[in-house]
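Participant: I am attaching a structure below and will ask some questions about it afterwards.
The values are calculated or read from the model by the stated rules, or taken from the named source; none is laboratory data. Keep in mind that this is a model prediction, so the values were computed, not measured. Note that we place each Cβ from the backbone using ideal geometry, even for glycine, and neighbour counts take in every protein chain shown.
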């Protein structure tokens, strides 16, 4: 079969598929603004999108023991899943250890990731206060904040991560 016949056949199938796709099976309904807002969890590096709430290092330590220790190990330094702490100064070596403190450029992304994906067995089950607490604790075990730190929508974006200036951005966040 010639290339032009094959291409013509593929185009005919594509147009038929598009024409059929325009027909609606009349399933579902448009999502309301409130429904969309409930799933709009994006947190930007500058803190845009962070919810109300707060959490301390001490609260985060207790929650970490209950929710995170089994997978991430004591103080986030080793378990079944990724290390969360340590690795400082290792990025330029042959064996870089990419952790929250050694690699991540923004503290707000820690909050964002926990809210979307943790705990592994039940993502999205933590309250905003619990997520702020865990974020505070994870920043603490990485030496980024002190043991008295309290994170909220104002404090978290102000945290300067150790590796923040070592990223080259394709566009300004």
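Participant: Restricting attention to region 124-157, which residues are exposed (fewer than 11 other Cβ atoms within 10 Å of the Cβ) and either more than 16 Å from the chain's Cα centre (by Cα) or under 21 Å from residue 97 (Cα atoms) (or both)?
Facilitator: Listed by number, the residues that qualify are 146, 148, 154.
Yes/no matrix, rows are residues, columns are (1) out of contact with any helix residue (DSSP H, G or I) (no Cβ under 6 Å at 6 or more places or on another chain); (2) under 30 Å from residue 115 (Cα atoms); (3) at pLDDT 80 or above:
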site	(1), (2), (3)
7	yes, no, no
13	yes, no, no
19	yes, no, no
27	yes, no, yes
35	yes, yes, yes
44	yes, yes, yes
50	yes, yes, yes
53	no, yes, yes
67	yes, yes, yes
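Participant: Another question about this same structure. Could you please give the count of residues in region 63-76 that are on the phi < 0 side of the Ramachandran plot and free of Cβ contacts under 8 Å to residues at least 24 places away in the same chain?
Facilitator: Going through region 63-76, the residues on the phi < 0 side of the Ramachandran plot turn out to be 63-72, 74.
Those still in the list that are free of Cβ contacts under 8 Å to residues at least 24 places away in the same chain too: 65-66, 69-70, 72, 74.
The number of residues fulfilling the criteria is 6.
Participant: With respect to residue 89, determine if the residue is in contact with a helix residue (DSSP H, G or I) (Cβ under 9 Å, 6 or more places away or on another chain), part of a loop (DSSP other than H, G, I, E, B) and either crowded, with 16+ Cβ neighbours inside 10 Å or at positive phi (or both).
Facilitator: no
Participant: If you check 157, 162, 119, which single one turns out to be part of a loop (DSSP other than H, G, I, E, B) and in contact with a helix residue (DSSP H, G or I) (Cβ under 7 Å, 6 or more places away or on another chain)?
Facilitator: Within the list 157, 162, 119, the selection yields 119.
Participant: Quick one: in region 32-48, which of the residues that are farther than 19 Å from residue 160 by Cβ and touching a residue at least 60 places away in the same chain (Cβ under 8 Å) is surrounded by the fewest Cβ atoms within 10 Å (Cβ to Cβ)? Give the derivation first.
Facilitator: Taking region 32-48 as the starting set, the residues that turn out to be farther than 19 Å from residue 160 by Cβ are 32-42.
Among the residues that remain, those that are also touching a residue at least 60 places away in the same chain (Cβ under 8 Å) are: 41-42.
Working: 41: 12, 42: 10.
Only one residue tops the list, namely 42.
Participant: Still on this model: What are the residues in region 133-145 that are in contact with a strand residue (DSSP E or B) (Cβ under 9 Å, 6 or more places away or on another chain) and in a loop (DSSP other than H, G, I, E, B), if any? Walk me through it before giving the result.
Facilitator: Pass one, region 133-145, residues in contact with a strand residue (DSSP E or B) (Cβ under 9 Å, 6 or more places away or on another chain): 133-137, 139, 144-145.
Of everything in region 133-145, those that are in contact with a strand residue (DSSP E or B) (Cβ under 9 Å, 6 or more places away or on another chain) and in a loop (DSSP other than H, G, I, E, B) turn out to be 144, 145.
Participant: Still on this structure: What do you reckon, is residue 172 closer than 18 Å to residue 49 by Cβ and under 18 Å from the mean Cα position of the chain (by Cα)? If you could, list the steps in order and put the result at the bottom.
Facilitator: Working: closer than 18 Å to residue 49 by Cβ: yes; under 18 Å from the mean Cα position of the chain (by Cα): no.
So residue 172 fails the test.
Participant: Quick one: which of 148, 130 is within 21 Å of residue 53 (Cβ to Cβ), assigned to a loop (DSSP other than H, G, I, E, B), in contact (Cβ under 8 Å) with a residue 24 or more places away in the chain and touching a helix residue (DSSP H, G or I) at 6+ places or on another chain (Cβ under 9 Å)?
Facilitator: Step by step, each of 148, 130 is checked, and only 148 is within 21 Å of residue 53 (Cβ to Cβ), assigned to a loop (DSSP other than H, G, I, E, B), in contact (Cβ under 8 Å) with a residue 24 or more places away in the chain and touching a helix residue (DSSP H, G or I) at 6+ places or on another chain (Cβ under 9 Å).
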